[in-house]
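Everything on this sheet refers to the single structure shown next.
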């Protein structure tokens, strides 16, 4: 996914580099839409099962990536400063346990992010690079325990039921991107974010609860089109 995005961004720059259009200016509203990929880069604590002696799974869990549709809105407060809201359709991630070699579960989440952006070429015609920093809130829902993990917990702990709970997360986000004009209103857009997402996972069974921290910390890649009002 990352390679494809890099190729697409390079092609967009090559296609749009010679074009000029109206500058980003105070009062503009920019709506960006496209394809967005969340690629977790973090890791998790070891998982300690309450056996005698304790069973430690040092690999923690792994979280895979997912691609969805994005909708991103920016309001230009001045020619060079804007405020952006990042939103998308819900992401769904499969969770695996590498030490046991099994699927552990899955979760969905929504990661709305508000950022203050700086446009160094704001007020000038042509392509518009930008950087930003903001705050992310990630809401987890529809957490499920995979049957394979349920069977493993039954064999090791004697558990007959299990559920997965993930705490919601607040964290900082950094971003960089570019708008490449096609005409006065339409643009190509590409952007990347690094988002601090951390959660505590609770695997709740009828014989006890296993808790461990997960640092998801994804790179987020978006490519699509934009329209300026």
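As a size descriptor, the averaged projected area of the C-alpha convex hull of the stretch 169-222 was calculated at 5.4 nm². Once the Cα atoms are used to define both axes, helix 2-16 deviates from the longest principal axis of the chain by about 10 degrees. What the Cβ-Cβ distance of residue 110 and residue 22 gives, at R0 = 41 Å and to the nearest 0.05, is a FRET efficiency of 0.80.
Relative to the longest principal axis of the Cα atoms of the chain, helix 147-157 runs at roughly 40 degrees. Taking label points 7 Å from Cα along the Cα-to-Cβ direction, residue 182 and residue 118 give a separation of 3.1 nm. Across the chain, the volume of the C-alpha convex hull divided among the residues equals 102 Å³ per residue. Given a cut-off of 19 Å, what percent of all Cα-Cα pairs of the stretch 112-213 lie beyond it? Counting pairs separated by more than 19 Å, the tail of P(r) holds 61 percent.
Counting every alpha-carbon pair across the stretch 52-156, the share separated by more than 16 Å comes to 70%. Look at where the Cα atoms of the stretch 126-173 and of the stretch 48-118 average out, and the two centres are 7 Å apart.
Once the chain from residue 56 to residue 213 is taken as fully extended at 0.36 nm per residue, the excess over their C-alpha distance is 55.1 nm.
For the pair residue 168 and residue 125, the difference between a 0.36 nm per residue extended length and the Cα-Cα distance amounts to 11.4 nm.
If the label point is 7 Å along Cα→Cβ of residue 194, which residues in the stretch 203-225 have backbone nitrogen under 15 Å from it? So the set is 216-221.
Potential lengthening of the chain between residue 77 and residue 155 amounts to 22.2 nm, from the contour at 0.36 nm per residue minus the alpha-carbon distance.
Across the stretch 105-145, Cα-Cα distances exceeding 15 Å account for 60% of all pairs.
Any read-out appearing in this document is the output of simple, stated calculations on the displayed coordinates, not a laboratory observation. Computed from a prediction, not measured in an experiment: that's the story for all the values here. Neighbour counts are summed over all protein chains in view; Cβ atoms, including those assigned to glycine, are modelled from backbone coordinates with ideal geometry.
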